[in-house]
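The structure appears right after this line, and notes come after that.
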């Protein structure tokens, strides 16, 4: 009777163990399937997200390029505005340049006429009239900012003077000094209209 009961217990334990092993195997398979499903889902999500990431990167690159183009256009527009403003300023500042350049030969002729010696009263009257015209010219030039370049006994400056001839340095003179002005020069607010034609000691 005891042996029969023991055999029953052994058989029951064996069956329970087998059922437990089956449950464990089933549980392992379920866990493995779950892990496989998760891995597949993760890969699927990554595959879906990859195009979105690529599109986002492309959009950012395009945005950066557009911003750079916009900044370049802005800088170019600012430079154009500055150039236009400078051109307008120069046009206003040097508006009388063309007319003054045309009048310089007239002034030269008047100066040559004034250099002529007169001996009679008629000549003196004529010369006085020319002097008055010359004074009017000089006043008009000064009002427009036009100054005479008269560098006699000053150092030679190629920016304002044109050397026509050189002569040996004499006693009391300094080398590279203007010793004679053949024709006066003129400048308009720092811009040379005509350089002075000079003779320089060397």
Fill in the blank from the handout: residue 95: passes all of (1) in a helix (DSSP H, G or I); (2) within 47 Å of the chain's Cα centre (by Cα) but (1)
Problem - Residues of region 96-141 satisfying the condition of being free of Cβ contacts under 8 Å to residues at least 24 places away in the same chain and within 17 Å of residue 192 (Cβ to Cβ) - result: 98, 99, 102, 105
Handout entry: Residue that is surrounded by 10 or more Cβ atoms within 10 Å (Cβ to Cβ), assigned by TED's automatic domain parsing to the domain that holds residue 184 and under 24 Å from residue 144 (Cα atoms), where the choices are 107, 116
Key = 107
Completion exercise
Reported set for region 160-178 where residues are surrounded by 11 or more Cβ atoms within 10 Å (Cβ to Cβ) and closer than 12 Å to residue 199 by Cα is 161, 162, 163, 164, 165, 166, 167, 169, 175, 176, 177, 178
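The values are calculated or read from the model by the stated rules, or taken from the named source; none is laboratory data. Everything numeric here is computed off the predicted structure, so don't read it as measured data. Quick reminder, even Gly has a Cβ in these numbers, built from the backbone with ideal geometry, and neighbours come from all protein chains shown.
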